[in-house]
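Inspection log for the structure reproduced underneath, given as structure tokens.
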Amino acid sequence: MAIPQHTIDQILDRTDIVDLIGQRVKLKKTGRTYSGCCPFHQEKSPSFHVYRDKQYYHCFGCQANGNAIRFLMDIDSRNFVDVMKDLSNQTGIELPKDNHDNKKLSYKRSPQQVTTPQITQPQQEQTAPAASIQEALDDHFVDMDHYMDDPFAQFDPSFNIQEQVQEGNLYDLLENVAQFYERQLPNSQKAQNYFKQRGLSTQTIQFWRLGYAPEDWQHLEKAFPQDIEGLKQLGLIRSSDSGRDFDLLRERVIFPIRDHKGRVVGFGGRALNDEIKPKYINSPDSEVFHKNQLLYGLYEGRKLKANDWLMVEGYMDVIALQQYGINGAVATLGTASNADHLTTLFKQNSRITIAFDGDAAGQKAARRTLEIALPLLNDGRELKFFVLPNEHDPDSLIRREGLENFQKLLQQAPLLSDFVFAHLTGQHDVSTPEGKSLVMGELRELTELLPKHGSFRYLLSQSFREKLGLGKRFTPQISHDASLSFNIQTKDEDFAVAILMHHPFLYIHFEELRAVIDQNELLAKILAALNLVFDDLPDDQELATYYVLGACSSYSHELADIMQRTNIQSLTQAPEVADKLAKEYALGLQEKYLRLKLKSPISLIESRNLRQQLNELTKQISLRLLS
């Protein structure tokens, strides 16, 4: 059984891992985590920790770790599908049925009527030769091999042979229709001129499989007489009030729309006469086509191994950008962008950019997209806003600027934090206390949309306070003790400590490091202290810093030195930069200490679990390097 990733994610989201593991292990709340004795190895002191907000468990002893699915698979020695069936029943989220989809994708093909030649009997010399019968039947596209075992068999003169009724597949039909539209393009000079005027090369037209729908109102019925039912299911043939069938797409250039597997699932059609409204028509939703979940160009971008992804408005923007060398452009299918679209793009890369017009309508669309995107910004995800110059779309801009200048403009697109600040301060007079208060009030409404367990909401709020002059940066009291050496090499651990002091909420990136780091390290001691006080941290970043300093007062001398040497404030001014830097240090240090532990594992079980962790961590690091 193939279970889609989004279904797995839904089931995990609805599963409380503390409750699930608590049925098998006696757990006690200890700071940020729930702890108990590990069920995977014998121990007397609890070293097994469960993280509710991350839906994750980790044993500091044997290094067993994973999510709810992995726990049930390991604890009961069961396979993945069995565990998923149980969790499906518990959460109420239905798993896909094996043959369910195939039934939805089929339709009855109409039989083709063929009248057989009359054959009389008994006189053998009056019977047509077998070859003649076969030729006559072949002319009518009927396979009669099973009748030819007896070449002199009698036929009822009134008998009509019907081709056996067959079932068609909607994906096969869509592919055939796409090929049909492609073949029509050379027959329309007007359609060819349209693509030529838009600057598309022959190779680009072939790559995107662009085509043309004739102006004949019944061209699909004539081309696919046996597939009328399927074409109606797809919405490509419709019926008028008088009951007459007509084709949806006529006298339009055609853009085949493909899903993530490359299958044609629908079509977009652009009128060749600008007076015809609507200018663009898309296939209606069907069993295979769901416009609110699809992105035009996603399959092609993945095929071209795109790394950076840009969401634009129209088909031609996507195609023009690809022709110029921007392979990661996608567009919605005539609908506003939604959470599904953004989630799909974030699966390709943790950093995405959205293009908007610079006019009032573009600003309104940007604000709407912002509100949709904020709940999706888990730690590590970045969103940038590419505001286009007035009277330009990506298609016209890249033609005017060329690839190099366009890429520079794209790279200069503001991060979400800068965009939000410019957007909010543009609406209020921030030279007054009242204006600043209004900005912070609107920001508070927006940050409430961010994930509750992430760090970005705190980073964003602190960034605004500093830009508006509402808070003072934490400045450590530097000791001038002569014993301090100013030639000490700054370690990654020191940078991690500095980040945690200046941005305590970034602890969530480092908490898994506690399982493998050398407990004699200062960073390990800081992490242990943060684990105990994290849930009580004040929302204000400056107050949170002083709160943590109080909890770590035993190490004040070392902390002051580290804060001076690292100058972390200048490195983490942008919230996105602070978040990304913390994640990179956390992953790098995890890898370092995992490798150290692997040199002298306590047991074979621990060695196996450490290697599994290291493999998964290496994949994460590789993905971040690519993003």
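The values are calculated or read from the model by the stated rules, or taken from the named source; none is laboratory data. Note that the coordinates shown come from a computational prediction; the quantities given were computed from them, not determined experimentally. Cβ sites come from the backbone with ideal geometry, for glycine too, and all protein chains shown count toward neighbours. Each accessible area value is taken on the protein alone, full model and side chains, heavy atoms only, with ligands, DNA and RNA left out. Shrake-Rupley method; radii C 1.70, N 1.55, O 1.52, S 1.80 Å.
Key figures for this structure:
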{"read-out": "Residue pairs meeting the criteria (Cβ under 6 Å; at least 6 apart or on separate chains; first under 24 Å from D395 (Cα atoms), in the range 410-430; second part of a helix (DSSP H, G or I))", "value": "L415/E576"}
{"read-out": "Matching helices (runs of 4 or more DSSP H) fully within the range 193-244 where at least 2 residues are in contact (Cβ under 8 Å) with a residue 60 or more places away in the chain and open to solvent by 50 Å² or more (accessible area, probe 1.4 Å)", "value": "228-233"}
{"read-out": "Matching residues, the range 505-553, being open to solvent by less than 10 Å² (accessible area, probe 1.4 Å), farther than 26 Å from Q613 by Cβ and not β-branched (V, I, T)", "value": "A544, C552"}
{"read-out": "Filter pass, K580 being open to solvent by 40 Å² or more (accessible area, probe 1.4 Å), under 35 Å from the mean Cα position of the chain (by Cα) and at pLDDT 85 or above", "value": "no"}
{"read-out": "Residue tally, condition assigned to a helix (DSSP H, G or I) and of a type in the set (D, E, K, R), over the range 344-400", "value": "8"}
{"read-out": "Helices (runs of 4 or more DSSP H) lying entirely in the range 494-570 (those with 2 or more residues that are of a type in the set (A, V, I, L, M) and free of Cβ contacts under 8 Å to residues at least 24 places away in the same chain)", "value": "522-533, 541-551"}
{"read-out": "Condition check for G334: in contact with a Phe, Trp or Tyr (Cβ under 8 Å, 6 or more places away or on another chain) and in a helix (DSSP H, G or I)", "value": "no"}
{"read-out": "Test: residue in the range 589-596 that is in contact with a His (Cβ under 9 Å, 6 or more places away or on another chain), assigned to a helix (DSSP H, G or I) and under 17 Å from I526 (Cβ atoms)", "value": "no"}
{"read-out": "So T33, is it under 34 Å from the mean Cα position of the chain (by Cα) and more than 24 Å from R514 (Cα to Cα)", "value": "no"}
